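Here the structure comes first, spelled out in structure tokens, and everything after it is commentary.
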Amino acid sequence: MASGLGIVGLIVVLLVAAGVVWGIVALVRRQQYIRSVRDRGWTFVNSPTFDAVGRLGNPPFGIGFRRRPDDQITGLTSGGRPFQVIEYSSEHWSGWVGMVGLSRRLPELWITGGETQPRYGVLATGVPSPAQLGPGWQIGALDPAFAAAALTPQLCAQLSAMAAGQPGVNLSVDGDQLVVLDPPRKDIDRLGPWLEQLAAAAAAIDAAPLDGWIQPERPPRLTFYQHPDWYWIDVDDSLLQFAPVTRSGHDHRTSDVVRGRDGDGPPFVAFTHHWKATRTESYTDSEGRSQTRTVVENHSEPVLGFQLPARMPWIQVARRGFGRGISFESEAFNDQFAVTAQDTKFAYDVIHPRQMEYLMANPPASFRIADDWAWFSPGVHSQPAIAHSSLFLHGFLARIPRFVWRNLGLPDAPYAAPIPQRS
């Protein structure tokens with residue numbers, strides 16, 4: 001038995017020693033790598049700030065709430081074009097990204113070729129690939145005319161050259177950056193020529209007649225893909241003073257706070273509310289004696305509210321449960337929704353036949369209007385949940401009759417038409 005324990009102990013010692021040796025080797029290799037980066041006149045940053053990616057809004061950036069930039073290499077190409085190679089992770093993707101600067105901010109453009117899949121979360125229209133690229137390429141853009149103008153023979157030649165040197169190309173235009181996934185960052189000797197190729201592709205885009213598509217500057221803050229007026233705050237516990245959150249418990253706090261609006265729709269705030277609840281429970285110990293202990297439970301709930309242009313009487317629209325709520329002329333609507341309201345006439349003015357058709361065709365998360373806020377119960381705090389409720393609410397408010405808005409003190413209806421679909 002002692003001999004067996006001695007062998008186990010020896011194995012543990014060997015494993016610990018191997019781990020220490022591996023750690024030392026990894027540290028030495030990292031220092032050698034950093035030195036080789038700096039020997040080329042480039043800068044290496046261990047922990048870059050969010051400013052490194054604050055101007056980027058297209059996937060893999062601009063998606064989700066957990067965004068983390070890590071090791072960063074910056075510098076200039078031989079032609080003086082600034083570049084960045086950075087490690088980045090979110091809930092939906094992690095890896096390395098390389099990019100060089102463009103002379104103009106341009107619309108999104110997606111180009112994938114070879115053994116590459118389109119990026120997670122991209123919403124773009126597929127457009128025909130130029131004949132110069134040959135088979136196996138996929139092109140996506142919100143504006144096909146822009147894609148056609150950008151994909152000049154010069155750019156196609158550079159893309160083909162890049163594809164010849166690696167299994168696949170996953171390239172995009174993100175504002176004033178030309179972005180490519182999976183740069184050869186481990187091999188510094190390869191990374192330099194690769195960046196020169198990417199710079200040549202950027203030069204081809206700069207040379208194309210694209211001034212008609214120049215995009216406005218964005219504030220340097222964390223935004224969301226295809227929602228330029230959303231921005232991430234992270235924490236704002238002052239919201240707990242007026243939001244309809246759970247008041248019981250203790251240690252209340254917020255996380256992942258997002259503010260913004262879509263088009264001319266109402267501004268919103270969305271966040272996760274966390275709190276703790278403490279209770280005392282009884283139990284029987286191993287000797288049969290009754291004991292008590294304190295249990296602390298962690299709770300959270302998503303909160304999503306839209307600020308309205310006028311104060312409204314309280315009204316709630318929920319999916320049909322055990323109660324029927326106010327009865328409307330449509331039995332199909334009554335079977336699907338339960339509407340309760342402080343003022344029944346106001347409910348009938350707002351939930352008219354066309355509004356009922358809209359609600360049944362676009363079932364929302366349950367929501368209630370209280371004073372000048374519309375509060376939703378989205379079930380989850382996520383980018384798609386916010387976007388869905390934002391789109392729905394704009395359509396709902398746009399269908400409220402003009403006389404209702406005037407009765408609320410506004411000169412006219414503030415929302416004339418639904419905003420474009422986004423998710």
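Here is how the numbers come out for the structure above:
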| item | result |
| --- | --- |
| Cβ pairs under 9 Å, 6+ apart, first in the stretch 339-364 and under 14 Å from Arg399 (Cβ atoms), second among the small types (Gly, Ala, Ser) and exposed (fewer than 15 other Cβ atoms within 10 Å of the Cβ) | Met356/Ala332; Met360/Ala332 |
| Single condition Gly263 does not satisfy, out of (1) crowded, with 16+ Cβ neighbours inside 10 Å; (2) assigned to a loop (DSSP other than H, G, I, E, B); (3) on the phi > 0 side of the Ramachandran plot | (1) |
| Test: Asp51 is surrounded by fewer than 13 Cβ atoms within 10 Å (Cβ to Cβ), of a type outside the set (A, V, I, L, M, F, W, C) and at negative phi | yes |
| In the stretch 378-413, the residues that are in contact with a strand residue (DSSP E or B) (Cβ under 7 Å, 6 or more places away or on another chain), surrounded by 16 or more Cβ atoms within 10 Å (Cβ to Cβ) and of a type outside the set (A, V, I, L, M, F, W, C) | Pro378, His381, Gln383, Ser389, Ser390 |
| Filter result for the condition that a residue is crowded, with 19+ Cβ neighbours inside 10 Å and either within 25 Å of Gln72 (Cβ to Cβ) or of a type in the set (Gly, Ala, Ser) (or both), over Ala157, Ala131, Ala147, Ala161 | Ala147 |
| Single residue of Gly121, Gly175, Gly95 found to be at positive phi and assigned to a loop (DSSP other than H, G, I, E, B) | Gly121 |
| Output for the stretch 112-131, where each listed residue is touching a strand residue (DSSP E or B) at 6+ places or on another chain (Cβ under 6 Å) and either of a type in the set (S, T, N, Q) or without any contact (Cβ under 8 Å) to a residue 12 or more places away in the chain (or both) | Thr112, Thr116, Ser129 |
| Tally of residues being of a type in the set (Gly, Ala, Ser), part of a loop (DSSP other than H, G, I, E, B) and either more than 13 Å from Tyr120 (Cβ to Cβ) or at pLDDT 95 or above (or both) across the stretch 57-89 | 4 |
| Inter-residue pairs, beta-carbon under 7 Å, first under 12 Å from Gly54 (Cα atoms) and free of Cβ contacts under 8 Å to residues at least 60 places away in the same chain and in the stretch 215-240, second outside any loop (DSSP other than H, G, I, E, B) and among the basic types (Lys, Arg), 6+ apart | Tyr231/Arg259 |
| Filtered residues of the stretch 234-260 (kept if under 19 Å from the mean Cα position of the chain (by Cα) and buried (at least 17 other Cβ atoms within 10 Å of the Cβ)) | Thr254, Asp256, Val257, Val258, Gly260 |
| Residues of the stretch 211-231 that turn out to be in contact with a Phe, Trp or Tyr (Cβ under 7 Å, 6 or more places away or on another chain) and buried (at least 16 other Cβ atoms within 10 Å of the Cβ), as a count | 5 |
| Out of Ser94, Ser89, Ser103, sole residue that is hydroxyl-bearing (Ser, Thr, Tyr), in the same structural domain as Pro193 (by TED's automatic domain parsing) and touching a Lys or Arg at 6+ places or on another chain (Cβ under 8 Å) | Ser89 |
| In the stretch 239-253, the residues that are assigned to a loop (DSSP other than H, G, I, E, B) and not hydroxyl-bearing (Ser, Thr, Tyr) | Phe242, Ala243, Pro244, Val245, Arg247, Gly249 |
| Lone qualifier among Gln154, Gln132 - being in the same structural domain as Ala202 (by TED's automatic domain parsing), of a type outside the set (A, V, I, L, M, F, W, C) and at pLDDT below 95 | Gln132 |
| Given (1) without any contact (Cβ under 8 Å) to a residue 40 or more places away in the chain; (2) more than 23 Å from the chain's Cα centre (by Cα), index of the condition Gln158 fails | (1) |
| Lone qualifier among Val303, Val296 - being crowded, with 16+ Cβ neighbours inside 10 Å and of a type in the set (Val, Ile, Thr) | Val303 |
| Residue in the stretch 96-117 that is farthest from Ile188 (Cα to Cα), counting only those that are at pLDDT below 95 and surrounded by fewer than 17 Cβ atoms within 10 Å (Cβ to Cβ) | Gln117 |
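Residue by residue, here is whether (1) outside any helix (DSSP H, G or I); (2) in contact with a Pro (Cβ under 7 Å, 6 or more places away or on another chain) holds:
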| residue | (1), (2) |
| --- | --- |
| Gln132 | no, yes |
| Leu171 | yes, no |
| Pro183 | yes, no |
| Arg190 | no, yes |
| Ala199 | no, no |
| Asp206 | no, no |
| Pro216 | yes, no |
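Every residue, every condition in (1) surrounded by 15 or more Cβ atoms within 10 Å (Cβ to Cβ); (2) out of contact with any Ser or Thr (no Cβ under 7 Å at 6 or more places or on another chain); (3) in contact (Cβ under 8 Å) with a residue 40 or more places away in the chain, yes or no:
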residue	(1), (2), (3)
Arg55	yes, yes, yes
Asn58	yes, no, yes
Val85	yes, yes, yes
His92	no, yes, no
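The values are calculated or read from the model by the stated rules, or taken from the named source; none is laboratory data. Quantities reported herein were computed from a predicted structural model and do not represent experimental measurements. Cβ atoms come from the backbone with ideal geometry, glycine included; neighbour counts cover every protein chain shown.
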